[in-house]
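A.B. asks: What follows is a single structure, and I will ask about it in a moment.
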Amino acid sequence: MPSLKDLKNRISSVKATQKITKAMQMVAAAKLRRAQMAAEEARPYSQRMAKVLSNISNAMEGREGVSPLIAGNGSDQVHLLVVATAERGLCGGFNSSIAKMAREKARQLQSEGKEVKLFMVGKKGVDALRMEFSNAMVEKIDFREVKHIEFTNAETVGARILEMFENGEFDVCTLFYSEFKNIMTQIPTAQQLIPALSPDKSDNNTADIFYEYEPDEEEILGELLPRNISVQVFRALLENGASEQGARMAAMDNATRNAGEMIDSLTLSYNRQRQAQITKELIEIISGAEAL
């Protein structure tokens, strides 16, 4: 049984930890609103661009001279998995859920005889997948020094993905991130970037869409298709930012509550042991007085 001094020291330690978790919860709550607004504002543009490119992909199916970013290069042997996670921990299962989805996808592809390459964006993803897929990690980018994610940061990732594709280093590219729903819910998401996925042909709203290009199709798509990669990466980073703060806020709230319960339990043990010790000392004094 721990001594009174040990219990007192432990109570003091847990109280200090509780102050830290409470402070982290408040910081996450303050950052969450801004991150959530940024993610929600980026959704309409990125979703619309992805939909337009998907419709174009469907409309141009079977035609010659279609950009490989839409139609692919005719192979799916080498897969590039872009895994976007946070730079810091203490945010519940946020990072592990993204890494788990990427790990399962990589194992599935390898079981099918495909080659897997990992493009890591964020330190925590590297830590989670290093043991099993260290040899498959071909690129690592982190934004530890970046206070607020900007489009230029996403362009860095997008440009590198395009460079690798043009060099023939992969055939299919899939982006992994966590979509923000609310403080308690962040949904791990896999989005194929290259080639662009065609919409469901059974959808009557998209099956017969016709596009006219001005000045011309190649010039517009030549600008739009590479930009879409950076746009989708930017949206993923913003979604991750909001998801990270939401998950950290919930995790630190739970940690603060757990610390409070532990303090109550330790305090009860301390009081009981102290009372027992006082009772024992009184009995010894009374016994000694009676012996005299």
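The values are calculated or read from the model by the stated rules, or taken from the named source; none is laboratory data. This is a predicted model, so every value here is computed, not measured. Cβ placement follows ideal geometry from the backbone for every residue including glycine, while neighbour counts extend to all protein chains displayed. The protein model used for the area step is the full one, side chains on, heavy atoms only, and it has no ligands, DNA or RNA in it. Shrake-Rupley method; radii C 1.70, N 1.55, O 1.52, S 1.80 Å.
A.B. asks: Filter the range 129-138 down to the residues that are open to solvent by 40 Å² or more (accessible area, probe 1.4 Å) and part of a helix (DSSP H, G or I), then identify the one that is farthest from Gln192 (Cα to Cα).
C.D. replies: Met131
A.B. asks: Here's another thing I want to ask about it. Assess whether Thr189 counts as being of a type in the set (Ser, Thr, Tyr), modelled with pLDDT of 75 or more and open to solvent by 40 Å² or more (accessible area, probe 1.4 Å). Lay out the reasoning, then the answer.
C.D. replies: On the way: of a type in the set (Ser, Thr, Tyr): yes; modelled with pLDDT of 75 or more: yes; open to solvent by 40 Å² or more (accessible area, probe 1.4 Å): no.
Here the answer is no, as Thr189 does not meet what is asked.
A.B. asks: Further question on the same structure: Scanning for something outside any loop (DSSP other than H, G, I, E, B), closer than 25 Å to Pro188 by Cβ, in contact with a strand residue (DSSP E or B) (Cβ under 7 Å, 6 or more places away or on another chain) and hydrophobic (A, V, I, L, M, F, W, C), does the range 17-33 turn up at least one residue?
C.D. replies: Looking through the range 17-33, none of the residues is outside any loop (DSSP other than H, G, I, E, B), closer than 25 Å to Pro188 by Cβ, in contact with a strand residue (DSSP E or B) (Cβ under 7 Å, 6 or more places away or on another chain) and hydrophobic (A, V, I, L, M, F, W, C).
A.B. asks: Something else: Within the range 229-268, count every residue that is buried (at least 16 other Cβ atoms within 10 Å of the Cβ) and either touching a Pro at 6+ places or on another chain (Cβ under 6 Å) or farther than 23 Å from Thr156 by Cα (or both).
C.D. replies: 15
A.B. asks: Continuing with the same structure: In the set Ala28, Ala39, which member is open to solvent by less than 20 Å² (accessible area, probe 1.4 Å), touching a Phe, Trp or Tyr at 6+ places or on another chain (Cβ under 6 Å) and closer than 30 Å to Ser230 by Cα?
C.D. replies: None of the other options fit; the residue is Ala39.
A.B. asks: While we're here: Looking only at residues in the range 165-182 that are over 18 Å from Glu239 (Cβ atoms) and of a type in the set (Phe, Trp, Tyr), which one is most open to solvent (accessible area, probe 1.4 Å)?
C.D. replies: Looking at the filtered set, the residue picked out is Phe165.
A.B. asks: Out of the residues in the range 139-164 that are open to solvent by less than 80 Å² (accessible area, probe 1.4 Å) and part of a strand (DSSP E or B), which is farthest from Phe234 (Cα to Cα)?
C.D. replies: Once the filter is applied, the top-ranked residue is Glu139.
A.B. asks: Of all residues being over 29 Å from the mean Cα position of the chain (by Cα) and in contact (Cβ under 8 Å) with a residue 60 or more places away in the chain in the range 51-64, which is least open to solvent (accessible area, probe 1.4 Å)? Just the residue, please.
C.D. replies: Step one: of the range 51-64, the residues over 29 Å from the mean Cα position of the chain (by Cα) are 56, 58-64.
Those left that are additionally in contact (Cβ under 8 Å) with a residue 60 or more places away in the chain: 56, 58-59, 61.
On the way: Ile56: 5, Asn58: 24, Ala59: 54, Glu61: 112 Å².
Step by step, filter the range 51-64, then rank; the result is Ile56.
A.B. asks: Provide a single number: the residues in the range 77-128 that are in contact with a strand residue (DSSP E or B) (Cβ under 7 Å, 6 or more places away or on another chain), assigned to a loop (DSSP other than H, G, I, E, B) and open to solvent by 60 Å² or more (accessible area, probe 1.4 Å).
C.D. replies: Result for the range 77-128: 1.
A.B. asks: If I filter the range 1-25 down to residues being open to solvent by 80 Å² or more (accessible area, probe 1.4 Å) and not basic (Lys, Arg), which single residue comes out as modelled with the highest pLDDT?
C.D. replies: Out of the qualifying residues, it is Ile20.
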